[in-house]
Amino acid sequence: MAPTLPPWIWQGHRINLQRGGDPANPIKVLLIHGFGASIGHWRHTLPSLAAQADVIAIDLLGFGASDKPRSRLADEPIQPGSVRYCFDLWARQVADAAISLFGFGETTGSEGPPLQPAIPPELHLIGNSIGGMVALTAARLLVQEGLPPQQVILIDCAQRTLDDKRAAELPGLERISRPLLKQLVRRRWVIAPLFRLLAQPGFIRRVLQKAYPSGAHLDEELIALLHRPSTDPGATESFRGFVNLFSDYLAPELLVHLAVPVRLLWGADDPWEDPKEARRWAETFPCIQELQVLSGLGHCPQDEGPERVNPILLQWIGRSQNQTAQQETG
């Protein structure tokens, strides 16, 4: 794995990063982890992609080794140092990382105009689970700012079945108990013991056994990289912020307006994000260029089956480059 970089300071917060590949390479890849994960979840991905691109894996604010400030829910008063954990927050972080760390959107070097026209960096956003939602939101933001990424790759993107906009799809008992649940998870006295229970290594292992149906790469390193951040000060706060995201973006709301190419990669045995929904997205939204569903893999195929996933990602990055070249010469 590439060495961890010194913390990047973003909006006063320390953000943890890993980088691999040649920084001079105009092909830029930003890897965005899912809920409860970190840059370590790309342990089998970053080294492979670094052979073809300049790659950064980023810990979202509140996760991994990045800072974990106090949470503020949408209807709570602003307090110094608090943040509202949401997709807009993380998308701004990702967009700023692409601009600041990759120089995305720049056409000249820092020493003045180059002798030859600079090759503008081309940005590929890759997100797993909730990281897919962050990638889509960041792509939307960058497009609005005149800096569209080359493509977005979604790996088992979160479908967010507990969002208020999908409440009618829930079973009757879950709909009835929903108001009480929403009130309880606001309370820190409820969240703190709940988080301590869920963050135990034994519980993490049981969740991973569902997420990794083949059992491949479900090792002590994986359990440790998921457990360690839960011991940091503030980990309970970021958990509180996340579990209260009952009204935020859904993927179809973003896909319907997105002109940037999107590619989908899915584990056929994902226990939480049904590949049938991914197929519906692929049939519905013109921005989606490809969908590959991998048999025997679950929610995190990039870690469970990297020997199958990495060649696809490398092919997609290369294919996107070839399409650009054809458009420029066509």
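Measuring max minus min along each principal axis, the C-alpha atoms of the chain give extents of 63, 44, 39 Å (largest first). Tell me the angle of helix 188-198 to the major Cα principal axis of the chain, expressed in degrees between 0 and 90 and rounded to the nearest ten. Value to nearest ten degrees: 70. The apolar share of the surface of the chain, taken as the fraction of accessible area on carbon and sulfur atoms (1.4 Å probe, ligands and nucleic acids excluded), comes to 57 percent.
Along its first, second and third principal axes, ordered by size, segment 134-182 spans 45, 21, 15 Å in Cα coordinates. In segment 109-259, one over the average inverse separation of all distinct C-alpha pairs is 18.8 Å, which is the Kirkwood hydrodynamic radius. Taking the DSSP bridge list for segment 12-75 and keeping only pairs wholly inside it, about 45 percent are antiparallel.
Computed over Cα pairs, the Kirkwood radius of segment 12-88 leads via Stokes-Einstein (1.306 mPa s, 10 °C) to a diffusion coefficient of 115 µm² per second.
Looking at the chain alone, DSSP beta bridges between its own residues are antiparallel in about 25 percent of cases.
For segment 183-243, the solvent-accessible area works out to 54 Å² per residue, with a probe of 1.4 Å and every protein chain left in place.
Compared with the dominant Cα axis of the chain, that is its longest principal axis, helix 275-284 is turned about 50°. Against the main long axis of the alpha-carbon atoms of the chain, helix 87-102 sits at an angle near 30°.
The solvent-accessible area of residue 104, taken with every protein chain present and a 1.4 Å probe, is close to 20 Å². Taking each DSSP H run with n ≥ 4 as -39500 (n - 2.57) and averaging over every residue of the chain yields -12000 deg cm²/dmol at 222 nm.
The values are calculated or read from the model by the stated rules, or taken from the named source; none is laboratory data. As the structure is a prediction and not an experimental result, all values here were calculated from the model. Only protein heavy atoms, including side chains, enter the accessible area calculation; ligands, DNA and RNA are left aside. Shrake-Rupley method; radii C 1.70, N 1.55, O 1.52, S 1.80 Å.
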